[in-house]
Each structure stands twice: as C-alpha cells, then as structure tokens.
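Undergrad: Mind looking over this structure? Questions follow.
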C-alpha cells in the first residue's frame, strides 16, 4: 500500500513530462534539455535586398534631380538685338516688320532663304524693314539623335550674342551647308568652322558658347512657346503670308 502513495516519477504524470522545460529529463530521455532549432541566416538574400533598396533610392534621386533641373529656367542671351520674350533676333531698324520662323534643318526654309534672302538683306540695308528671325526646333528629332535643329538654333543665338553684326551672314552660311534630314547633321566643331568662314569673329567666349550648347535649351523653350508647327512661316507687318518663294510677291508687295 505504501507504494500506491508515492508521487508520480519525475518527467511523468498528467503529461507534464512531455512539455519541454529545460530541466531534467525530457520525453525522449535526453539529459541535455530543449534547445530551439538553429536558423541559418540567408546573407545572400539580405544583400540582394539591400542592393535593390540602394538602386531604388538612386533612381528616385535621379528622377528628382532631373525634375529639378527641367524646372530651372533656360539660360537666355542678353544682347539688345535678341528679344527673349519672342525668341527672335532682329536685323535692321525699318518701320516695316518681317518675321520669319525657320528651322535650320528645314529644306523649304533653305529654299526660302535662297530665293528671298538677297532681297531681304537689301531691304534691311536700305532701312525699309526690320527682320525678326525666330529659329525654331520642330525638326529636332530628325537628326539621328544629335538634336541638330536646336544646336544650330542655339549657335545662332550665340553668334547674335557675341557678334551680332555677322549673325545674318552666319544664318546664310548654315543654309549653304545644310545637312539632310535623318542624318546626324553638323557637329558643333563644324558649326564653329562655318561661322569662322562666314566672317564671324569667333572669340574664345563664342566658341565655348557653341561648344557647350549654351543657348540650346533657350531655343527649344522659345520654339515650343511660339506654337509654330510648319516652316517657313512668314509674317509681314503682323500678317501671315502664303510663301511663294518670290520676294516681290511675299515681301515687297506687302510693305507699307
């Protein structure tokens, strides 16, 4: 009977011995007690996650930087012959006004300059007209990624800024050396060489301005603001005329 009064042996009774408690013998009879399973750290996955996070942060920073840069105003020329509100370069002081919207890659603008340029120059020299040239960049995507239209327009603003007396001669020279559409166009070095051959005083400042595309963004900005979608567009005394490539019909007949 005495044996019936003894308590349950250690590790047994009411299932208590089956619960890991870190003491005594467990259900398996182990004297070492319970130890949680060791987890292997996947360092590769951690490093991949970290690297991905760094890439994402870098992309976000780049997007923010681009947005900030695009919101900055374009560098504008300051010469008195340049109207920064309309993006035009003026020649002459006549009471009649002739406004031309031209793209330096446009073959029809070249045809217009070839057919009517000499007459326009004579009208400027005689004091009959003020010519306002608006270089636009609507063909910027037609130079195999080199953005020739806007680079040439920017170079035109550079010459007007640093050597205004020879800016019209430079315009004519650009058309005389006009590249074909869907080619890479002229390089900035070639544009500088054309300017020099046209009689432009290519100073260190002017050369650097063209090389750095100083006024390219300004040219694009002004072109977009103009709303012009076709070139050449010509206005005489504020009235748009239908270009016939005859100066007497297009210009002279419409002077006051």
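Undergrad: If a residue must be in contact with a strand residue (DSSP E or B) (Cβ under 8 Å, 6 or more places away or on another chain) and closer than 17 Å to residue 186 by Cα, how many such residues does the range 110-135 contain?
TA: Looking only at that region, the number is 1.
Undergrad: I've got another one for you. Anything in the range 77-132 that is on the phi > 0 side of the Ramachandran plot and crowded, with 20+ Cβ neighbours inside 10 Å? List them, or say none.
TA: Hits for the range 77-132 are 87, 92.
Undergrad: Within the range 171-185, does at least one residue satisfy the condition of being crowded, with 22+ Cβ neighbours inside 10 Å and under 29 Å from residue 129 (Cβ atoms)?
TA: Within the range 171-185 (the criterion being crowded, with 22+ Cβ neighbours inside 10 Å and under 29 Å from residue 129 (Cβ atoms)), the answer is yes, since at least one residue qualifies.
Undergrad: Now for a separate question. Quick check on the range 209-252: of everything there that is exposed (fewer than 13 other Cβ atoms within 10 Å of the Cβ) and over 27 Å from residue 127 (Cβ atoms), which residue is nearest to the chain's Cα centre (by Cα)?
TA: Among those residues, the one meeting the criterion is 225.
Undergrad: Need pairs with beta-carbon distance below 6 Å; first residue touching a residue at least 24 places away in the same chain (Cβ under 8 Å) and within the range 225-242, second in a loop (DSSP other than H, G, I, E, B) and crowded, with 16+ Cβ neighbours inside 10 Å; sequence gap 6+ or separate chains.
TA: Cβ pairs passing all conditions: 228/136; 231/103; 231/106; 232/243; 234/243.
Undergrad: So, restricting to strands (runs of 3 or more DSSP E) that lie completely within the range 61-168, which ones have at least 3 residues that are modelled with pLDDT under 95 and under 22 Å from the mean Cα position of the chain (by Cα)?
TA: So the answer is none; nothing clears 3.
Undergrad: Modelled with pLDDT of 95 or more and more than 16 Å from residue 150 (Cβ to Cβ), is that true of residue 208?
TA: yes
Undergrad: Let me ask you something else. Counting only residues that are in contact with a helix residue (DSSP H, G or I) (Cβ under 7 Å, 6 or more places away or on another chain), closer than 19 Å to residue 220 by Cβ and without any contact (Cβ under 8 Å) to a residue 60 or more places away in the chain, how many does the range 172-194 have?
TA: Total meeting the criteria: 3.
The values are calculated or read from the model by the stated rules, or taken from the named source; none is laboratory data. Owing to the predicted nature of the structure, the values given are computational and were not obtained by experimental measurement. Don't worry about glycine lacking a Cβ; one is built from the backbone with ideal geometry, like all the others, and counts go over all protein chains shown.
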